[in-house]
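J.: Before we start, here is the structure in question, set down as structure tokens.
Quick note: the coordinates plus some simple rules give every number you see, no bench work behind them. Because the structure is predicted, anything quoted here is derived from the model rather than measured. All Cβ positions, glycine included, derive from the backbone under ideal geometry; neighbour counts span all protein chains shown.
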Amino acid sequence: MKCPFCTCVDTRVVDSRLGKEGNNIRRRRECAECGRRFTTYERVEESLPLVIKKDGRREPFDRHKIIAGMQRACEKRPVSYEDIEKIVDRFEVNFQQSGEREIPASAVGEAVMAALHDLDEVAYVRFASVYRQFKDINEFMRELKDILGAQTQALKE
């Protein structure tokens with residue numbers, strides 16, 4: 001493993017631990033050249049389906065794109081990075097277990113929206129406004145009314 005500070009390739013593992021969910025290994029490493037320490041994560045490379053974009057292009061499933069989109073939606077909200085990672089981990093497992101070789105981008109977007117709806121309603125509305133490309137304030141208001149209606153219904157029950 002190359003040291004991110006001095007680019008020396010002579011590093012040694014100082015400590016290894018199983019990740020919280022048990023699907024990765026966290027390793028603390030030390031560079032033999034500069035003596036600085038850094039952390040690496042090792043995870044099994046799984047075969048995830050290709051994502052079919054609206055224009056028909058196909059690209060590999062990219063967890064980092066989903067995390068980045070969710071982080072933007074959750075900016076300045078009480079949502080931790082770990083919460084977002086857990087959600088994306090669940091997506092990966094579900095998409096792998098589906099056995100599909102290709103999935104439409106809309107399935108990924110809808111899964112993100114459903115997860116955000118359960119996690120934080122403000123983040124959900126932020127994401128939905130971009131994902132669904134709200135054209136005007138009326139579309140935005142319809143989405144808010146749906147959320148408020150669901151809350152009112154839940155309170156009645």
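J.: Counting DSSP beta bridges in the range 23-148, what percent are antiparallel, to the nearest 5?
T.: Around 75 percent of the beta bridges assigned by DSSP in the range 23-148 are antiparallel ones.
J.: If you take the charge dipole of the chain about its Cα centre, with +1 on Lys and Arg Cβ and -1 on Asp and Glu Cβ, which of Ala107, Leu50, Ala32 is farthest toward its positive end?
T.: The one lying farthest along the dipole's positive direction is Ala32.
J.: Straight-line reach from Lys76: which lysines fall under 22 Å, measuring Cα to Cα and dropping same-chain residues less than 8 apart?
T.: Straight-line reach from Lys76, under 22 Å: Lys65, Lys86.
J.: How high is the FRET efficiency between Glu121 and Thr7 when r is their beta carbon distance and R₀ equals 41 Å, given to the nearest 0.05?
T.: About 0.35, to the nearest 0.05.
J.: Right, something else. Restricting to DSSP H runs of at least four residues, report the calculated mean residue ellipticity at 222 nm for the chain, -39500 (n - 2.57) per run over all residues, nearest 500 deg cm²/dmol. Don't skip to the answer; put the middle values down first.
T.: Values: 5 runs with 74 residues, N = 157.
Computed mean residue ellipticity for the chain: -15500 deg cm²/dmol.
J.: If you take the charge dipole of the chain about its Cα centre, with +1 on Lys and Arg Cβ and -1 on Asp and Glu Cβ, which of Tyr41, Val79, Ile137 is farthest toward its positive end?
T.: It is Tyr41, whose Cα lies furthest towards the positive end.
J.: Considering the chain as a Gaussian network with a 10 Å cut-off on Cα pairs, which listed residue, Glu85, Glu110, Glu42, attains the greatest mean-square fluctuation?
T.: Evaluated over the chain, the most mobile residue of the options is Glu42.
J.: Rounded, prolate or oblate for the range 50-156? Axes are the square roots of the Cα gyration tensor eigenvalues, ordered a ≥ b ≥ c, and the cut-off for rounded is a/c under 1.5.
T.: prolate
J.: With +1 on the Cβ of every Lys and Arg and -1 on the Cβ of every Asp and Glu, and nothing else charged, how large is the dipole of the chain about its Cα centre, in debye rounded to the nearest 20?
T.: In debye, rounded to 20, the chain gives about 460.
J.: For a quick check, take a GNM of the chain with Cα springs below 10 Å and name the residue from Val125, Val14, Val108 with the largest mean-square fluctuation.
T.: Evaluated over the chain, the most mobile residue of the options is Val14.
J.: Compute the long axis of helix 63-73 from its Cα atoms, compare it with the longest principal axis of the Cα atoms of the chain, and write down the angle in degrees, 0 to 90, nearest 10.
T.: The answer is roughly 50 degrees.
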